[in-house]
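The values are calculated or read from the model by the stated rules, or taken from the named source; none is laboratory data. Since the structure is predicted, the reported quantities are computational estimates derived from the model, not experimental observations. Counting neighbours? That spans all protein chains shown, and the Cβs are built from the backbone with ideal geometry, glycine included.
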Amino acid sequence: MEKLPILYSTNTWLAYMIAQRYYKSEHYVWCTPFFDPRRNGGRDAAVPPTSSPFEVYCSLAEEVSRRDRHSKKIEENRVGILRGANAKKQAGVIDEVQEKDIVSIVSQAEIPDFRPLMYVIPYSVVVDRMREPPPEDKAHPLSAEYVIDQLPRDLFDVIEFGM
Amino acid sequence: MSVTVPQSLQQSLRKETLIDAGYFVIRTLRNSGRGYQNPLVSTEPDENVRVLANKAISEIEQQEGMPIASLPADRINEYIAVLEDFTRRTYQRAVGHDSERAANILSEMRSSTSTD
């Protein structure tokens, strides 16, 4: 399963912009070394479609392009961003005014604001910042999934591609 | 039978705990919908959040008469939708909402098209 030179993570434009503006350009990411695990034919690691950066990117891009008002992924992202704001407020990273800003922004954001971005992260520069999520949070007990709680913007690249 | 927000979440007083617990209940339900064999509340949050989230999951299971892992996908999605709405509204009520300021910030963000 040793395939770690690059890590990939799909996030939304809104989550990216909020982290840039309010969290000192530090980003919370779930990532995996497999861009599209289907291409590995299941040989290297069990990374189910729900954790595949490429699959997540495609389904989010499709829901955004369909302007799907009931998109599960978009609603999931809204709540995820709110949870992040709640945590950052408790950690003292943001103040009450900024917390209110984020809650208001999430409420007013429109569907295109949730378009996907692909983060490309060199493993060598983040190895000391990565942790494994608890087993109950992983899509599969053996899946290669990692969390980076505070990833500085200068340690990764952002790609947006058309579908 | 319509889906309702578990009582334990409705009665929770501390906003910080409630928002976190709501998020982790949703995450557990979503993992169940993704086919996790034994979906459990994450051990990541503080204990008071875990306790509240576990209580809310137990209430859902009691109301439905089955473990969440056995719930049909449609039913899980109904719970997730209700909880997402509840979490958002609760947070907004707690901290307030400034639509004009949010619109201005969003407009400013959108005009900065670069992600460099």
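Per-structure values
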{"item": "Some residue of the stretch A:122-137 being closer than 30 Å to B:Ser99 by Cα, hydrophobic (A, V, I, L, M, F, W, C) and at pLDDT 95 or above", "result": "no"}
{"item": "Residue tally, condition in contact (Cβ under 8 Å) with a residue 40 or more places away in the chain, surrounded by fewer than 16 Cβ atoms within 10 Å (Cβ to Cβ) and in a loop (DSSP other than H, G, I, E, B), over the stretch B:2-26", "result": "1"}
{"item": "Hits in the stretch A:53-108 (condition: within 13 Å of another protein chain (Cβ to nearest Cβ), of a type in the set (D, E, K, R), in a helix (DSSP H, G or I) and more than 18 Å from B:Ala81 (Cα to Cα))", "result": "A:Glu55, A:Lys88, A:Lys89, A:Glu96, A:Glu99, A:Lys100, A:Asp101"}
{"item": "Enumeration of residues in the stretch B:70-81 that are assigned to a helix (DSSP H, G or I), more than 11 Å from chain A (Cβ to nearest Cβ) and buried (at least 16 other Cβ atoms within 10 Å of the Cβ)", "result": "B:Arg75, B:Tyr79"}
{"item": "Identity of the residue in the stretch A:145-163, in contact (Cβ under 8 Å) with a residue 60 or more places away in the chain and in a strand (DSSP E or B), that ends up nearest to the other protein chains (Cβ to nearest Cβ)", "result": "A:Val158"}
{"item": "Residue check for A:Pro112: in a loop (DSSP other than H, G, I, E, B) and either within 11 Å of another protein chain (Cβ to nearest Cβ) or out of contact with any helix residue (DSSP H, G or I) (no Cβ under 8 Å at 6 or more places or on another chain) (or both)", "result": "no"}
{"item": "Sole exception among (1) modelled with pLDDT of 90 or more; (2) within 11 Å of chain B (Cβ to nearest Cβ) for A:Pro49, by number", "result": "(1)"}
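Rundown of residues vs (1) modelled with pLDDT of 95 or more; (2) of a type in the set (D, E, K, R); (3) within 18 Å of the chain's Cα centre (by Cα); (4) over 30 Å from A:Val120 (Cβ atoms), yes/no style:
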| position | (1), (2), (3), (4) |
| --- | --- |
| B:Gly35 | no, no, no, no |
| B:Glu44 | no, yes, yes, no |
| B:Leu52 | yes, no, yes, yes |
| B:Ser58 | yes, no, yes, yes |
| B:Ala102 | yes, no, no, yes |
| B:Leu106 | yes, no, no, no |
| B:Met109 | yes, no, no, no |
| B:Ser112 | no, no, no, no |
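Quick grid of which residues meet (1) closer than 18 Å to A:Ile74 by Cα; (2) in contact with a helix residue (DSSP H, G or I) (Cβ under 6 Å, 6 or more places away or on another chain); (3) acidic (Asp, Glu); (4) without any contact (Cβ under 8 Å) to a residue 40 or more places away in the chain:
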position: B:Tyr79; (1), (2), (3), (4): yes, yes, no, no
position: B:Glu84; (1), (2), (3), (4): yes, yes, yes, no
position: B:Tyr91; (1), (2), (3), (4): yes, yes, no, no
position: B:Asn104; (1), (2), (3), (4): no, no, no, yes
position: B:Ser107; (1), (2), (3), (4): no, no, no, yes
